[in-house]
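Every number in this text was worked out from the coordinates using simple rules, so none of it is lab data. Values in this document were obtained by computation on a predicted structure and should not be read as measured data. Neighbour counts are summed over all protein chains in view; Cβ atoms, including those assigned to glycine, are modelled from backbone coordinates with ideal geometry.
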Amino acid sequence: MSEDFLFVYGKLRQRSDREIALLFLQNARILGPARVNGKLYNVGGYPGAILSDDPQDQVLGQLLALPDEEALWRILDDYEGIGPIFSAPFEYERCRVPVQLEDGSRFQAWMFLYRHDLAEARHIDHGDYLKYLQSEMQKDVG
């Protein structure tokens, strides 16, 4: 069976009981921490990323290897709100992007890029959505 690659930078990085996370973690091989040249935003309770030409701009996440099965990718597209059951314009677009693992190895992987207006979104300078969520929870506690 052939594999394809997916860069995840949001809630799919978490080990959660969400059905979608369980499905992908059961079917995925985690290749490790990775990064993409891009900018990360909080777009209202979830992340959105865009590509950037500036090497200082980094989105941090994980690279997963998934079976190249159309049904699996269709489930992921549905989760991200794209595909035939949704109305355009879609909030995300699944695109192939260059991804770099911590060890320097490079891959072409699928990534969901944000396509709506970011004028009201909060830029996450450090590029790590899980770190951002942790800091927001600490603010709520403190």
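List of remarks:
- Set of lysines near residue 39 by C-alpha distance (under 20 Å), chain-local residues within fewer than 8 positions excluded: 11, 131
- Extension gain from residue 87 to residue 113, taking 0.36 nm per residue of separation minus the Cα-Cα distance: 7.7 nm
- Point-charge dipole on Cβ atoms (K/R +1, D/E -1) for the stretch 19-99, about Cα centre, debye to 20: 240
- Using Cβ point charges alone (K and R +1, D and E -1), the dipole size of the chain about the Cα centre works out to roughly 260 debye.
- Between the entries [x] 10, 22, 16, 11, 8, 8, 7, 7, 5, 4, 2, 0; [y] 11, 28, 24, 18, 11, 5, 2, 0; [z] 11, 42, 37, 9, 1, the label attached to P(r) over Cα pairs in 10 Å bins from 0, in percent calculated for this structure is [z].
- Taking 0.36 nm per residue of separation and subtracting the current Cα-Cα distance, fully stretching the chain between residue 65 and residue 135 would add 22.3 nm.
- Net lengthening on full extension, residue 30/residue 126 (0.36 nm per residue, minus Cα-Cα): 32.3 nm
- Here the Karplus relation 6.51 cos²θ - 1.76 cosθ + 1.60, evaluated at θ = phi - 60°, turns the backbone of the stretch 51-62 into coupling constants of 7, 9, 7, 7, x, 6, 7, 10, 9, 9, x, 10 Hz, with x for every Gly and Pro.
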